[in-house]
1. Looking at the chain as a GNM with Cα springs under 10 Å, which of GLY67, GLY112, GLY33 has the largest mean-square fluctuation?
2. Keeping the other protein chains in place, figure out the carbon and sulfur percent of the accessible area of the chain, with a 1.4 Å probe.
3. At a Förster distance of 25 Å, what's the computed FRET efficiency of ARG84 paired with ALA107, Cβ-Cβ distance as r, to 0.05?
4. Just to confirm the filter: which trypsin sites (Lys or Arg not before Pro) across the stretch 56-114 are DSSP coil and have at most 10 other Cβ within 10 angstrom of their Cβ?
5. With a 1.4 Å probe and all protein chains in place, put PHE85, PHE6, PHE100, PHE30 in order of accessible area, largest first.
6. Nearest 500 deg cm²/dmol is fine: what mean residue ellipticity at 222 nm does the chain get from its DSSP H runs of n ≥ 4 alone, each adding -39,500 (n - 2.57), divided by its residue count?
7. Anyone know which of ALA128, ALA22, ALA115 comes out most mobile in the 10 Å Cα GNM of the chain?
8. Given 0.36 nm per residue, what is the gain on full extension from TRP28 to GLU51 after removing their alpha carbon distance, in nm?
Amino acid sequence: MSLPTFHMISEAPDPVAPFSHAAEADGWVFVTGQLPFTGSSSTSPYPEGIEAQTRQVMENLKRVLEGCKLGLQDVVSVRVYLTRFEQDYAPMNAVYATYFAPGRLPARTCVGVTALARRALVEIDLIACRVQERRRRARR
């Protein structure tokens, strides 16, 4: 097993607590949950409504992945957290589905929670796989 690499991505919003944007080991990249910050500051405003917040979270996740030289096509697992599950599940799904190609949907868990940082409606984290690294290690 290789030593983990901790990624801080300058284009992504600043963390709201002491954590890295992503941690990587053996070709697996664990991306910290992103909130719907519209700028790089963790005090920037959120857009209004679940659709806009979901879109902003997905864009922030893409920034982190791009900073790790990955993309949504490399994502294998996603966790979604909603503060208003019953109300926001369907509209969140409608936006979320536009980010992945049909037939290439990652495994996913979606849960309702009582609160998220800075009163966000949605937070999403994910796991990506750096395929070339996994293949190289498998050949050893």
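1. Judging by the Gaussian network model, the answer is GLY112.
2. Taking all protein chains in place, the chain shows 54 percent carbon and sulfur surface.
3. Details: r = 24 Å, r/R0 = 0.94.
With R0 = 25 Å, the Cβ-Cβ based efficiency is 0.60.
4. On the way: sites: LYS62, ARG63, LYS69, ARG79, ARG84, ARG104, ARG108; in loops: LYS69, ARG84, ARG104.
Qualifying residues, ordered by number: LYS69, ARG104.
5. On the way: PHE85 65, PHE6 130, PHE100 20, PHE30 95 Å².
Accessible-area ranking of PHE85, PHE6, PHE100, PHE30, largest first: PHE6, PHE30, PHE85, PHE100.
6. Details: 3 runs with 39 residues, N = 140.
Using -39500 (n - 2.57) per qualifying helix, the result is -9000 deg cm²/dmol.
7. ALA115
8. Extending this stretch completely gives an extra 5.4 nm.
The values are calculated or read from the model by the stated rules, or taken from the named source; none is laboratory data. Since the structure is predicted, the reported quantities are computational estimates derived from the model, not experimental observations. Here the Cβ is made from the backbone with ideal geometry for all residues, glycine too, and neighbour counts use every protein chain on show. Only protein heavy atoms, including side chains, enter the accessible area calculation; ligands, DNA and RNA are left aside. Shrake-Rupley method; radii C 1.70, N 1.55, O 1.52, S 1.80 Å.
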